[in-house]
2 protein chains.
Amino acid sequence: MNHTGQKVSLCGWVQYTRETGGLAFVVLRDRYGLTQLTFDKSANAGLFEQAVQLGREFVVRVSGTVRERESKNKNMPTGDIEIIADELKVLNKAQTPPFTIEDNTDGGDDLRMKYRYLDIRRNPVRESLLLRHRMAQETRTFLSKENFVEVETPVLIKSTPEGARDFIVPSRMNPGQFYALPQSPQTFKQLLMVAGLDRYFQIVKCFRDEDLRADRQPEFTQIDCEMSFVEQEDILQMFEALACHLFKTVKGLDIAGMPRITYADAMKFYGNDKPDTRFEMKFVELNGVVKNKGFKVFDDAEFVAGICAKGAASFSRKQIDELTEFVKRPQVGATGLVYVRYNEDGTLKSSVDKFYNEEELKNWAAAFGAEKGDLMLLLAGPTGKTRKALSELRLEMGERLGLRDKNKFSCLWVLDFPLLEYNEEHARWFAMHHPFTSPLPEDMAKLDNPAQYGEIRANAYDIVINGVEVGGGSIRIFDKDLQGKMFSVLGFSPEEAQAQFGFLMNAFEFGAPPHGGIAFGFDRLCSLFGGADGIRDFIAFPKNNSGRDVMIDSPSVIDEKQLKELGISIRAIQ
Amino acid sequence: MNHTGQKVSLCGWVQYTRETGGLAFVVLRDRYGLTQLTFDKSANAGLFEQAVQLGREFVVRVSGTVRERESKNKNMPTGDIEIIADELKVLNKAQTPPFTIEDNTDGGDDLRMKYRYLDIRRNPVRESLLLRHRMAQETRTFLSKENFVEVETPVLIKSTPEGARDFIVPSRMNPGQFYALPQSPQTFKQLLMVAGLDRYFQIVKCFRDEDLRADRQPEFTQIDCEMSFVEQEDILQMFEALACHLFKTVKGLDIAGMPRITYADAMKFYGNDKPDTRFEMKFVELNGVVKNKGFKVFDDAEFVAGICAKGAASFSRKQIDELTEFVKRPQVGATGLVYVRYNEDGTLKSSVDKFYNEEELKNWAAAFGAEKGDLMLLLAGPTGKTRKALSELRLEMGERLGLRDKNKFSCLWVLDFPLLEYNEEHARWFAMHHPFTSPLPEDMAKLDNPAQYGEIRANAYDIVINGVEVGGGSIRIFDKDLQGKMFSVLGFSPEEAQAQFGFLMNAFEFGAPPHGGIAFGFDRLCSLFGGADGIRDFIAFPKNNSGRDVMIDSPSVIDEKQLKELGISIRAIQ
């Protein structure tokens, strides 16, 4: 774009001003970038005076002529040009903002959230919101082309005790009764399939009243989808194509396919149902190789396994000590770490040389497929716990070796999740996904045998990108009897099932088609595309970890009159 | 599309079956239409037997060969072809539905709502939802191209006493405190302008806990938009273009411009701030023509006005009596009706011939611009009340004369609304639009004189289509002092204003740009495009007039345990 010589008019915010030798420079910021305005004292002293008095974040309208800059600024996208101003109007003044409106601001988290409207003026936050916009539009474009119809499902629905805690809304017109906000539109999208809509989607707010961790919000957004007359394969192909479309249109990236792995293999090779596959470093199980050589830790362990970190033999003693400390943290939970260095000179050095000679370590190396220069790291203990710890160690090593590049993307389908998991506290089985998930056809018979509940695989799938579960779904039950059986497995009496989900089970009696779907966590997906760790900057007005919006100061107390009208009162604290 | 001879596989629902002379015909319904399947007993007796046993709404998968029909069915879009079936699989059985799945169903409203998933299978409801989908996608496409960014604003916000009643949500993590559901994202979109996002939109759910009329829903959807650095003219042009884009892409219609009228003129010529301009029949004021001829009703009236119905001189005595009854209804509120027939032979006949001779009636006709064959209808009384009644009469005449064709669209901007209206009950001024609306610059000074409050015009605009207000907005206040003055005019103390809207007023101190926006009632807009009277069938799962979803039976009672956790209890009914 060469606008040199053109008359232009711009509106925006004063980023900063600078004065030198009879010239005033004002850098103006708008949504589209920065532009330098130049005021020449000798040309118009009055205008020059106005310019030097502009404060940071003043809102101005300026007119002038575009000119090529003599000293070009390579750090500014519009650094090649400047505007020689001949008119200036202050549209609004501004107090000095409580933090700098710069990419690296001096504002802390709390201050940024309190003045979120100033925080959004910063490039990184604005860019995150613009990215989110593009993601949403491209999702809709893709799905609309594929004949999905976007249907808005209700926000004021019915509370159900299954799953997470609901937010509830007292009904003034129906005193003593309450709506609930949806944790997902699950049952409604299934009803839309019964209704014959064939392909549904919605980008939709969902709500969960749970204690918040750093990256959880009480309200969050899903890309929610459902299809009729499909099997798992149809869904995997459709949403693989959606992911590829988003990577292509939003990031300009071609994704080379989306491998599939079973839940069982994900646990075996990564100790994790959402493995980060940007790097290999798969688990190697070593019970057959390391036992019965007199090393009690391994001999007594249910499970010994390790990872081979390519090129990490050069890790110093100190670095390995750090890794040992890392695995011994309570969150990781291992009791210790065994290492073997495969030195460049072909020798092997381990922390258990007392028990294993070089010949034996060579066998280990062979099992790992290790080469000179590699570092092998081994953990031992109960299977589940050790896998979990080794998964953490693998991720830590990936991090330390720079294998977790935020600009590289590796996608994966994880299939065949367990249908049910036993909860000791409640002494009953819970649905791992939700109670509407169909078992795999070949595992159906096991529903009749409580001893086999744990072995039943669900017709369910998760989509994992860079070790983050960004979406998941399943083929649903569409038969009333099977749904009834599932509720009974989950400990519902027929009456409870009818009271809570009767409308869905009844719907299944009027010609329900086979159907299945998926939901993506949209906030998370955006932050992943944006290469960010957290989701907050991809949400315009997020809440803090106490569920509070500190900008508007909400939640807040409300009038006694209003409570009375709603037929509720506040309990005395007990 | 000519698929003759092709092998196809179809899934769908059995609309009906019919058997004749060794042939079974099954009409299959899917989202895309109806298809006839033919089963020949002589070709495959077993398959034929299966087909004749299919019940209505059974879900089937069928394979076969496409063939041109011998007797084509002109009433079916796919009536030219049939499928000669060679495979049939029942995917799910169905009970007989409680009402017929036909365009004109035998199901009443309550039954349809209870089994909404069956109701949606009917063409008119499905088509309404598909239309809504297209409207939403085209809105997003248009606005995205115009550089609007879609930003999701929070659903859990803060209760404010101004405006309609809020739905509230108890906060478990902040006992005794409550969120509110937004009546609109008004303050958030203004903050996004302060944040520099320049052009914002959102298709967003809003909530209002009001007593419901036939066409109000507790949750409804808006197309919500805001722009910075604009004046009224920019907004009118942008959203006129959006409306034209929707008419063009969704309905294939070219809208010939969008006339503008002031609120004052709308009241003067139509007695209505949302006039139906599909037809003329403007008010003619007659005080100067009809008074002082001895007819006491007119002589005593503050205001005499009428409409001229083209070609309605042929209305019978009975029809005119019906009109008289119509205007005397309490909802209309006139005391009587005067008519003048301009007969085809040039004579004039009125209901007040006693007081006015033909010469005088000729003057009336001249004032109306009436021609032979027209019918003039006059009302008299206090100005406001008479205008309202005459507006109703005008709409009734439009209806009777077939001038309100649902497939014809007439759009209009109504400008310069009053800023404030006095509420006798509360004995204070209220904002007609909302407290963030800017006065017209030329009326600004009147804010200092309470006696002139009623004369202040707002920098506000409504978009009216076929007599329905489908959207409205304003240029906003962006100056803290003016906003403070406005709150004071509305009876807020400075402390109350700060407590409720402090975050917005503070934001105005950090460089707020001039801005303005608009919001469209999306449910209403869709129903208008769909040529429907009500909005219900444009909402997948609407609530009834008691705010109840009869399908899922919500709202409902919830566990005492859950209430306790939330720190609230239900009041005894008093």
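Annotation for B:T249 and A:A427: the two label points, set 7 Å from Cα along the Cα-Cβ direction, are 6.0 nm apart.
Among A:C244, B:C206, a tally of other beta-carbon atoms within 10 Å of each Cβ gives an order, fewest to most, of A:C244, B:C206. Among B:V414, B:V90, A:V194, sorting on how many other beta-carbon atoms sit within 10 Å of each Cβ, with the fewest leading, yields B:V90, B:V414, A:V194. As a calculated quantity, the FRET efficiency between A:D109 and A:D553 at R0 = 25 Å, using C-beta atoms, amounts to about 0.90. Put in line by how crowded their Cβ is, counting other Cβ atoms within 10 Å and starting with the fewest, B:I535, A:I203 read A:I203, B:I535.
I'd like the FRET efficiency for B:T141 and A:E469, computed as 1/(1 + (r/R0)^6) with the beta carbon distance as r and R0 of 22 Å, rounded to 0.05. About 0.10, to the nearest 0.05. Stretch B:Q498-B:K296 to full length: gain in nm at 0.36 nm per residue minus the Cα-Cα span? Length difference between fully extended and current span is 67.1 nm. Give the aspartates and glutamates whose C-alpha is closer than 14 Å to that of B:K7, dropping any in the same chain fewer than 8 places away, or say none. The reachable aspartates and glutamates, counting only those whose Cα sits under 14 Å from B:K7, are B:E68, B:E82, B:D86, B:E87. A simple spin-label model places the labels of B:F355 and B:S63 8.5 nm from each other, with each point 7 Å out along Cα-to-Cβ.
Grab the other residues whose beta carbon is less than 12 angstrom from that of B:D416, score K and R as +1, D and E as -1, and report the net. After counting each charged neighbour, the total is -4.
Site pair B:R31 and A:L23 shows an inter-label distance of 6.1 nm when each label is modelled 7 Å from Cα along Cα→Cβ.
By the Stokes-Einstein formula, at 1.306 mPa s and 10 °C, the range A:279-400 with its Kirkwood radius over alpha-carbon pairs has D equal to 112 µm²/s.
Beyond a 22 Å Cα-Cα separation, which of these cross-linked pairs lie in this structure: A:K480/B:K114; A:K282/A:K406; A:K282/A:K385; A:K114/A:K406? Over 22 Å Cα-Cα: A:K114/A:K406. For the residues of B:506-518, the average number of beta carbons from a partner chain within 10 Å of their own beta carbon is 6.
Computed over chain A, the P(r) curve from all C-alpha pair distances, binned at 10 Å from the origin, holds 3, 13, 19, 20, 19, 14, 8, 4, 1, 0 percent per bin.
From the alpha carbon centroid of the range B:317-376 to that of the range A:393-426 is 82 Å. Of the trypsin sites (Lys or Arg not before Pro) found in the range A:296-378, those that fall in a DSSP loop while having at most 11 other beta-carbon atoms within 10 Å are A:K354.
Peptide A:562-571 has a mean of 6 when you count, residue by residue, the C-beta atoms of other protein chains within 10 Å of its C-beta.
Applying a threshold of 20 Å to the alpha-carbon distances of A:K158/A:K189; A:K248/A:K408; B:K293/B:K362; A:K205/A:K248 flags A:K205/A:K248 as lying beyond it. Once divided by 2.2 N^0.38 Å, the Cα radius of gyration of the protein assembly as shown becomes 1.10. Any idea what % of Cα-Cα pairs in the range A:376-479 are farther than 20 Å? Every Cα pair in the range A:376-479 considered, those over 20 Å come to 56 percent. Taking the helices alone, chain A has a mean residue ellipticity at 222 nm of -8500 deg cm²/dmol, built from -39,500 (n - 2.57) per DSSP H run of at least 4 residues and averaged over all its residues.
Between helix B:317-328 and chain B there is an angle of about 70 degrees, using the helix long axis and the longest principal axis of the Cα atoms. Loop-located GluC sites (Glu not before Pro) in the range A:374-472 (DSSP state not H, G, I, E or B) with no more than 10 neighbouring Cβ atoms inside 10 Å: A:E424, A:E425. Here the range A:464-515 and the range B:1-37 have alpha carbon centers that stand 30 Å from each other.
Taken together, the values in this text are just the output of simple stated rules run on the coordinates, not laboratory data. Please read all numbers here as calculations on a predicted model, not as lab measurements. With ideal geometry, Cβ positions are generated from the backbone for all residues, glycine too; neighbour counts draw on all protein chains shown.
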